[in-house]
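Working notes, beginning with the structure itself.
The values are calculated or read from the model by the stated rules, or taken from the named source; none is laboratory data. Computed from a predicted model, the values in this text were never measured in an experiment. As a convention, Cβ positions derive from the backbone with ideal geometry for all residues, glycine included, and neighbour counts pool all protein chains shown. Each accessible area value is taken on the protein alone, full model and side chains, heavy atoms only, with ligands, DNA and RNA left out. Shrake-Rupley method; radii C 1.70, N 1.55, O 1.52, S 1.80 Å.
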Amino acid sequence: MSRSKTIYDKIWDDHLINTNDDGTSLIYIDRHLVHEVTSPQAFEGLRMTNRKVRCPEKTLAVVDHNVPTTDRKNGISDEESRIQVETLEKNCSEFGIEYFNELDLRQGIVHVVGPEQGFTLPGTTIMCGDSHTSTHGAFGALAMGIGTSEVEHILATQTLIQRKAKNFKVNVGGTAPKGVTAKDIILSIIGEIGAGGGTGSVIEYTGKAISDLSVEGRMTVCNMSIEGGARAGLIGPDEKTFAYIKDRPRAPMGEEFERAVEYWNALNSDQDAYFDREVYLDAAKLPPVVTWGTSPEDVVSINGEVPNPDLIDDESRKETKKSALKYMDLVPGTKIKDIKLDVVFIGSCTNGRIEDLREVAKVVEGHHVNENLNAMIVPGSGLVKEQAISEGLDKIFMAAGFEWREPGCSMCLAMNPDKLLPGQRCASTSNRNFEGRQGFRGRTHLVSPAMAAAAAIAGHFVDVREFTK
Amino acid sequence: MEKFKNLTAVAAPLPDINIDTDKIIPKQYLKTIQRTGLGKGLFSELRYNDDGSENKDFVLNKTQYRNAKILVAGDNFGCGSSREHAPWALLDYGIKVVISTSFADIFYNNCFKNGMLPIVLDEKEVSLLMEETERGSNATLTVDLESQEISTSDGNVINFKIDKFLKHCLLNGLDDIALTLEKNADIKSFEDDVKSQRPWL
């Protein structure tokens, strides 16, 4: 019996090895990305049980979280970071896994590297011990973040034990106005559904505003699916997707590519497929947005003000939002545009790709970073950096007073030396504004690259649509 | 993995919503290459003052909750990062059960891999437990996995739901990699099928 299916249903069915009576299923994992932070205990587990990596050729490792973004030819000075990086290198060599080290041109943030290498393909299952694995869903892949025990499970078996999640459709219709980017779309979605709104679900993003996005913009949207609590985010593949993949180092070539495209085209959700839940947003009505609090759901228009938590009925929610304001050192009613900044961070797996850097260059060319703040640009990978240099973007950035760094996760989670100091306020293109995320007692406002760039010049938030030279 | 059957212990209330894994275990503790020893970093930015002394206002530093092995927490507990260091830190501190109205999916999964039991209850039930545990002297709860029951000092009994497979693994302390390796023939035959159907993989 055949029935209408969503893209998630189709990928699930094509990876199902078997299902128990209670619905617990064993699914096959096509691609496994590994980095230094969440893998050492998994490899140690393999050693202790005398197990091997089942499919080293389906595994790709890269170092990203701990690497300094300054010159690293002389090694990593922080001892713990160095040990973690060396441990990954040793583990990859012992278990036969391909590894990009910190000096490799292909090195970068794991979720920038996978797509760049053509390792990320439509219709595949892609797992990584990192919650932002949802990024790869932009290609119509089922991509999920997992814990270290599950990393070990995949290394040993190339499978995962899962239960099927619910289908959740987020339909974004209309045309996004100029200055409203993929980042504003996904932040607005999270503002709408809440930080736990997608729990237990796989979100499929559909609608004109989503298909209008470039593949890189779609990666930004899918990247933050986890910030809305979703198990994964997906966008059906189209010609843009196939064009992005074609001729990448690990992508299928020639006839095999044509055959793959045929399969990929058939993955899209059937017209009458059933979704457990649907939400609609009109992109035409969205403004550029900024987060004011310590959860990605705390979203407000650039033209808005800091909300008043006293107006919230639910007691736990009210108290949580009050303590968020205290942490952020903000008072209700403050205009977002009046918030002054100490630091601007541009980078991360959310917004560290070439198109993000081009957007930033467009805004900052001929301007200079405000004298009261420090601004830093960290490309998502060595290849992104190389491309930016070939386009002359590095010169624009440096002339404008930005620091231009080496690739890595950097100040998105501040495991390397790039950290906010206590009390510093940052406009960041990353994905999390949690307490202490970018440095102990640091304060984070999430924005798009264009908004971060404009704020770096002005010294406070500005509406990028009104930002003139 | 250690078995989980039942637990009678002090429960600490943590009513904030969206308690993220960065809050449970901040990034500076993620540089370890081991699973153990993370208890000292649990909630560290809430637990300690800037000079390293204990923050007296934080719930786990209060006399009646110091030995808590159960947390009753606000909605969407464990959101954010996939770091298994979050359950490792809770476990290393001694916490084996977390009760909330909802959990982030990855955190929820990670708990079961470490012999810990996350319990989802409805809003009313969590409020009731929150109220009881906030009265320090009534903070003891008994959680029994076999019967799927939580009993409180005030004599309330609350039933909870749990996936049959996860319950079975917890009760018996099963290693799910070993279980999966028993299905090697199925995995092999799946791989052979994919080779002919999707040869580009």
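In this structure, is A:Asp238 charged (D, E, K, R), touching a Ser or Thr at 6+ places or on another chain (Cβ under 7 Å) and surrounded by fewer than 20 Cβ atoms within 10 Å (Cβ to Cβ)? When the stated conditions are applied, A:Asp238 passes them. Report yes if B:Asp92 is more than 21 Å from B:Ile150 (Cβ to Cβ), open to solvent by less than 10 Å² (accessible area, probe 1.4 Å) and assigned to a helix (DSSP H, G or I), otherwise no. No: the conditions fail for B:Asp92.
Scanning the range A:449-469 for residues that are open to solvent by less than 20 Å² (accessible area, probe 1.4 Å) and in contact with a strand residue (DSSP E or B) (Cβ under 8 Å, 6 or more places away or on another chain) gives A:Pro449, A:Met451, A:Ala452, A:Ala453, A:Ala455, A:Ala456, A:Gly459, A:Phe461.
There is at least one residue in the range B:14-22 that is assigned to a helix (DSSP H, G or I), at pLDDT 95 or above, surrounded by 20 or more Cβ atoms within 10 Å (Cβ to Cβ) and within 9 Å of chain A (Cβ to nearest Cβ).
Considering every residue within the range B:121-129, establish whether at least one is within 12 Å of chain A (Cβ to nearest Cβ), farther than 19 Å from B:Val10 by Cα and open to solvent by 40 Å² or more (accessible area, probe 1.4 Å). Quick ask: steps written out before the conclusion?
Taking the range B:121-129 and keeping what is within 12 Å of chain A (Cβ to nearest Cβ), we get B:123, B:126-127.
Imposing the further condition that a residue be farther than 19 Å from B:Val10 by Cα reduces the set to B:123.
Among the residues that remain, those that are also open to solvent by 40 Å² or more (accessible area, probe 1.4 Å) are: B:123.
So far as the range B:121-129 goes, yes, one or more of its residues are within 12 Å of chain A (Cβ to nearest Cβ), farther than 19 Å from B:Val10 by Cα and open to solvent by 40 Å² or more (accessible area, probe 1.4 Å).
Among the conditions (1) buried (at least 20 other Cβ atoms within 10 Å of the Cβ); (2) in contact (Cβ under 8 Å) with a residue 60 or more places away in the chain, A:Asp270 misses just one, which is (1). Among the numbered conditions (1) more than 10 Å from chain B (Cβ to nearest Cβ); (2) open to solvent by less than 40 Å² (accessible area, probe 1.4 Å); (3) closer than 28 Å to A:Ser134 by Cβ, the only one that A:Arg72 does not meet is (3). On the basis of being within 14 Å of another protein chain (Cβ to nearest Cβ) and not hydrophobic (A, V, I, L, M, F, W, C), does A:Arg405 make the cut? Here the answer is no, as A:Arg405 does not meet what is asked. Can you spot a residue in the range A:88-101 that is within 12 Å of chain B (Cβ to nearest Cβ), free of Cβ contacts under 8 Å to residues at least 60 places away in the same chain and open to solvent by less than 10 Å² (accessible area, probe 1.4 Å)? Scanning the range A:88-101 turns up at least one residue that is within 12 Å of chain B (Cβ to nearest Cβ), free of Cβ contacts under 8 Å to residues at least 60 places away in the same chain and open to solvent by less than 10 Å² (accessible area, probe 1.4 Å). Which residues, counting only those in the range B:95-148, are in contact with a helix residue (DSSP H, G or I) (Cβ under 8 Å, 6 or more places away or on another chain), assigned to a helix (DSSP H, G or I) and over 25 Å from A:Val202 (Cβ atoms)? Correct list: B:Glu132, B:Gly136, B:Ser137, B:Asn138. A:Gly123 meets the stated requirement of being in a loop (DSSP other than H, G, I, E, B), small (Gly, Ala, Ser) and within 14 Å of chain B (Cβ to nearest Cβ). The numbered conditions (1) open to solvent by less than 60 Å² (accessible area, probe 1.4 Å); (2) part of a helix (DSSP H, G or I) are all true for B:Asp192 except (1). Among the residues of the range B:140-167, the ones that are of a type in the set (Lys, Arg) and within 16 Å of the chain's Cα centre (by Cα) come to 2 in all. Taking the listed residues A:Tyr263, A:Tyr280, the one that is in contact (Cβ under 8 Å) with a residue 40 or more places away in the chain, within 12 Å of chain B (Cβ to nearest Cβ) and open to solvent by 20 Å² or more (accessible area, probe 1.4 Å) is A:Tyr263, with no other qualifying. The number of residues in the range A:226-282 that are in a helix (DSSP H, G or I) and of a type in the set (Lys, Arg) comes to 2. For residues in the range A:151-181 being surrounded by fewer than 20 Cβ atoms within 10 Å (Cβ to Cβ) and touching a strand residue (DSSP E or B) at 6+ places or on another chain (Cβ under 9 Å), which is nearest to the other protein chains (Cβ to nearest Cβ)? Ranking the candidates gives A:Arg163 first. Across the range A:115-150, the number of residues qualifying as among the acidic types (Asp, Glu), within 17 Å of the chain's Cα centre (by Cα) and open to solvent by less than 10 Å² (accessible area, probe 1.4 Å) comes to 0.
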